[in-house]
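S.K.: Could you have a look at this structure, given as structure tokens, before my questions?
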Amino acid sequence: MGNDNIKFEHATVFLREGVDALDVKPNGVYVDGTLGGGGHTGLILERMCESGGDANGRVIGIDRDESAILAVQERLMIGKKSENLHLVHDNFFNIDKILQEQLGDADKVIDGAILDLGVSSPQIDIAERGFSYNLDSRLDMRMDTTQKKSAYDVVNGYGVSDLARVIRDYGEERYALKIARMIDKVRPIETTFELVEAIKRAFPIKERYKDKHPAKRTFQAIRIEVNSELEGLSVAIEKFARALNLGGRLAIITFHSLEDRIVKQTFNRLCNPCTCPSDFPICVCGKVAEFELVARKPIVPSDDELVRNKRAHSAKLRVIRRMIRDK
């Protein structure tokens, strides 16, 4: 089915754009909340050392996938740069706890952070991880392989109505109920290809072989449910924002409309906290914005990046900056 020895190599989307957005300083403190293959972290470390002096900055790299941590240890935890890099096996949703443990505080302690949301290339490409509808494997889809709940549990354990809700809400799939009923009809389902076949059978014949794979949305939905990717995302973003020093920046890369909507709405709320009714001529609530959008529109991939990395097609990069201190 696959190869356990495949290295954790991830084609980083918005590599330079993401790090450029952080405006890296040699002695700053930065967080890569989704370490992946270490692309952003590696470039942040390089930027720290570009001044030629002694860079006393710090990068905290976080990932819930232990294989990512091990791969980055092998690639980056060597030589002088290792003194500036601290790796943490955890979920970036726990950033307040992580910063408390690493820095002694979680409020205004970092100069920048980057989050590359979604699934990484190795998780898709290694069949045994059970993420891909193009590779046959036992159903899994766990980003953190130490957690108990897997795709097998969702597919075989959820009732029809709950399964349809997941597929509809997280996959935006129009045939969600039909797919859930078909899955229920043929359960138990052990492998990714068995799930793909059930999904295809729920589609009208004329729509089974269009350009977009019929299982794409359902696999996305189940993956999001297994890893709780959206539940609590807005709260986590606010934690990162509160951790920024004056002038600090938070850059977030999204890959589908659901997560991008959450990021956009959370950024807008942080940058415009006024709660006055829209018809009030002046603000009377007294809430002052601490953050501002670095650019009103998201950054999208260049033509060159789209040629190099097909997984960049739906990517968007949004950035905010802390502009004033708390009163």
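S.K.: Which value, in debye to the nearest 20, gives the size of the charge dipole of the chain about its Cα centre, when Lys and Arg are +1 and Asp and Glu are -1 at the Cβ?
M.R.: Numbers: 50 positive and 50 negative charges, 225 e Å.
In total the dipole reaches around 1080 debye.
S.K.: Something else about it: Mind ranking 117-124, 261-268, 155-162 by how tightly packed they are, going by the mean number of other C-beta atoms within 10 angstrom, highest first? Kindly include the intermediate steps, with their values, before the conclusion.
M.R.: Numbers: 117-124: 21.0, 261-268: 17.4, 155-162: 15.1.
Taking the mean over residues of other Cβ atoms within 10 Å, the ranking is 117-124, 261-268, 155-162.
S.K.: Put one equal scatterer on each alpha carbon of the chain, apply the Debye formula with no solvent term, and list log10 I(q)/I(0) at q = 0.09, 0.12, 0.14 1/Å to two decimals.
M.R.: Taking Cα atoms of the chain as identical point scatterers yields -0.52, -0.88, -1.12.
S.K.: If you don't mind, there's one more thing I want to ask. If one takes the longest principal axis of the Cα atoms in the chain, at what angle in degrees, from 0 to 90 and to the nearest 10, does the Cα axis of helix 192-202 lie?
M.R.: 70 degrees
S.K.: A further question on this structure: How large is log10 of I(q)/I(0) for region 104-173 at q = 0.12, 0.14 Å⁻¹ when the intensity is taken from the Debye formula with one equal scatterer per alpha-carbon?
M.R.: For the requested q values the scattering log ratios are -0.49, -0.62.
S.K.: Can you give the local net charge around PHE255? Use residues other than it whose beta-carbon is closer than 13 angstrom to its beta-carbon, Lys and Arg +1, Asp and Glu -1. Walk me through the intermediate numbers first.
M.R.: Numbers: positive: LYS216, ARG223, ARG261, LYS310, ARG311, LYS316, ARG318; negative: ASP116, GLU229, GLU259, ASP260.
Neighbour charge sum, excluding PHE255 itself: +3.
S.K.: Another one. Compute, for region 147-227, the length of the dipole vector about the Cα centre, with Cβ point charges of +1 (Lys, Arg) and -1 (Asp, Glu) only. Units Debye, rounded to 20. Walk me through the intermediate numbers first.
M.R.: Working: 18 positive and 12 negative charges, 57 e Å.
Dipole size: approximately 280 debye.
S.K.: Provide the per-residue ³J(HN,Hα) series for region 84-99, in order, calculated from phi with Karplus coefficients 6.51, -1.76, 1.60 and θ = phi - 60°, each as a whole number of Hz, with x at glycine and proline positions.
M.R.: 9, 10, 10, 9, 10, 8, 6, 8, 4, 4, 9, 4, 5, 5, 5, 5
S.K.: Another one. Take the residue pairs LYS206/LYS316; LYS239/LYS287; LYS149/LYS216 and return only those whose Cα atoms are more than 30 Å apart. Walk me through the numbers before you get to the answer.
M.R.: Working: LYS206/LYS316 32 Å; LYS239/LYS287 18 Å; LYS149/LYS216 21 Å.
Correct reply: LYS206/LYS316.
S.K.: Going by average Cβ neighbours within 10 Å, how do the peptides 95-105, 175-185, 250-260 rank, with the highest at the top? If you can, show how the numbers build up before the last one.
M.R.: Numbers: 95-105: 16.5, 175-185: 19.9, 250-260: 21.5.
In decreasing order of mean packing, 95-105, 175-185, 250-260 become 250-260, 175-185, 95-105.
S.K.: Which aspartates and glutamates, if any, have their Cα less than 13 Å from the Cα of LYS97, not counting same-chain residues under 8 positions apart?
M.R.: Qualifying aspartates and glutamates at Cα under 13 Å: ASP105, ASP107.
S.K.: Using Cα-Cα distances under 8 Å and only pairs 6 or more residues apart, what relative contact order does region 147-227 have, in percent? Could the numbers behind the result be given before it?
M.R.: Details: 91 pairs, mean separation 31.3, N = 81.
Relative CO of region 147-227 lands at 39 percent.
S.K.: Run the numbers on the chain and let me know its relative contact order in percent, using alpha-carbon pairs under 8 Å that are six or more apart. Intermediate values should be presented prior to the final figure.
M.R.: Details: 583 pairs, mean separation 57.7, N = 327.
Relative CO of the chain lands at 18 percent.
S.K.: Let me check the size of region 147-227 from its C-alpha atoms; what are the radius of gyration and Dmax in Å?
M.R.: Both quantities, over Cα of region 147-227: 11.5, 39 Å.
S.K.: Taking the Cβ of VAL186 as the center, what net charge do the other residues with Cβ under 12 Å away carry, scoring Lys and Arg +1 and Asp and Glu -1? Write down the numbers at each step before the final one.
M.R.: Details: positive: ARG181, LYS185, ARG187, LYS200, ARG201; negative: ASP184, GLU190, GLU194, GLU197.
Net local charge, VAL186 excluded: +1.
We did not get these values from a lab; they are worked out from the coordinates using the rules stated. This is a predicted model, so every value here is computed, not measured. Backbone-built Cβ (ideal geometry, glycine too); neighbour counts: all protein chains shown.
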